[in-house]
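The values are calculated or read from the model by the stated rules, or taken from the named source; none is laboratory data. In this text the structure is predicted, and so the values were computed from the model without any measurement. Neighbour counts are summed over all protein chains in view; Cβ atoms, including those assigned to glycine, are modelled from backbone coordinates with ideal geometry.
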Amino acid sequence: MSLRAHHSIRRVCVYCASSEKSDGAYFEAARRLGEILAGNSITTVYGGGAIGSMGRLAEGVLSRGGNIIGVIPRFMQELEWGHKGLTDLLVVEDMRERKHRMLTESDAAIALPGGSGTLEELLEAITLKRLGIYLNPIVLVNVRGFFDPLLALFRRCIDERFMDERHAAMWQIAPGPEHVLQAIRSSAAWSHNARQFAALLPENRPL
């Protein structure tokens with residue numbers, strides 16, 4: 001697949017965590033990513049939280065006068081988990097609608113290190129890209145080598161023929177927030193034709 005000659009980035013979805021107990025390097029990376037996105041006039045869409053990497057991402061965007069939109073399920077808003085200083089905070093009915101709104105309206109998806117919720121969001125985005133439903137860049141920000149085990153598992157999936165070699169082009173790796181925009185711009189072009197090899201079938205067997 002060819003590389004993108006140019007990709008207009010106006011709005012990105014960022015997956016990140018709410019834990020306040022993780023290493024400070026993750027907080028620093030989240031805030032720096034927010035600063036970079038705002039400095040490049042890119043609107044950030046995220047889960048709407050006020051603490052952990054979520055809160056630092058928002059602080060970074062707001063510190064540079066950028067736009068940041070939170071998407072939060074109603075039950076979380078009722079627990080007062082939402083950030084009160086955002087450009088906009090959209091309250092949705094459930095987690096499913098939250099993920100749908102965050103991803104489908106974005107020009108790229110970025111995953112910072114996080115827990116099960118972050119990984120679920122990331123894997124859903126990758127799955128939808130495999131099926132030719134989501135076509136935009138997906139970037140993993142590999143702070144402290146956090147995603148190395150996941151990347152090794154993806155490699156195993158390809159080696160064991162649960163995925164095609166071409167599926168390795170679905171994501172890009174950025175070692176830190178400073179590399180995210182270049183990773184988006186250098187990502188492989190993707191199209192609905194990916195559906196033709198989404199399912200691995202015996203040779204000469206039509207879909």
Please enumerate the residues belonging to the range 63-75 that are surrounded by fewer than 19 Cβ atoms within 10 Å (Cβ to Cβ) and not polar (S, T, N, Q). Arg64, Gly65, Arg74, Phe75
Within the range 62-119, tally of residues that are of a type in the set (Phe, Trp, Tyr) and either closer than 28 Å to Arg185 by Cβ or touching a His at 6+ places or on another chain (Cβ under 8 Å) (or both): 0
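Per-residue answers, yes or no, for (1) at pLDDT below 95; (2) under 17 Å from the mean Cα position of the chain (by Cα); (3) of a type in the set (Asp, Glu):
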residue	(1), (2), (3)
Gly39	no, no, no
Gly47	no, yes, no
Gly70	no, yes, no
Leu79	yes, no, no
Gly82	yes, no, no
I'm trying to understand the selection: among the residues of the range 147-173, which are in contact (Cβ under 8 Å) with a residue 60 or more places away in the chain and closer than 20 Å to Cys13 by Cβ? Ala169
Within the range 149-173, the residues that are of a type in the set (D, E, K, R) and loosely packed, with under 12 Cβ neighbours inside 10 Å are Arg156, Asp159, Glu160, Arg161, Glu165
Flagged pairs (Cβ under 9 angstrom, 6 or more apart or on separate chains; first in the range 190-202, free of Cβ contacts under 8 Å to residues at least 60 places away in the same chain; second part of a loop (DSSP other than H, G, I, E, B) and surrounded by 10 or more Cβ atoms within 10 Å (Cβ to Cβ)) are Ser191/Met1; Ser191/Gly132; Ser191/Leu135; Gln196/Gly132; Phe197/Asp164; Leu200/Phe162; Leu200/Met163; Leu200/Asp164
Considering the range 63-122 alone, what residues qualify as being more than 29 Å from Ile173 (Cα to Cα) and polar (S, T, N, Q)? Gln77
Regarding Val12, is this residue assigned to a strand (DSSP E or B), more than 26 Å from Ala188 (Cβ to Cβ) and either among the β-branched types (Val, Ile, Thr) or touching a strand residue (DSSP E or B) at 6+ places or on another chain (Cβ under 7 Å) (or both)? no
Selection count where residues are in contact with a Gly (Cβ under 9 Å, 6 or more places away or on another chain) and either within 15 Å of Phe146 (Cα to Cα) or of a type in the set (Gly, Ala, Ser) (or both), scope the range 119-131: 1
Filter the range 9-26 down to residues that are surrounded by fewer than 22 Cβ atoms within 10 Å (Cβ to Cβ) and under 17 Å from His83 (Cα atoms), then give me how many there are. 3
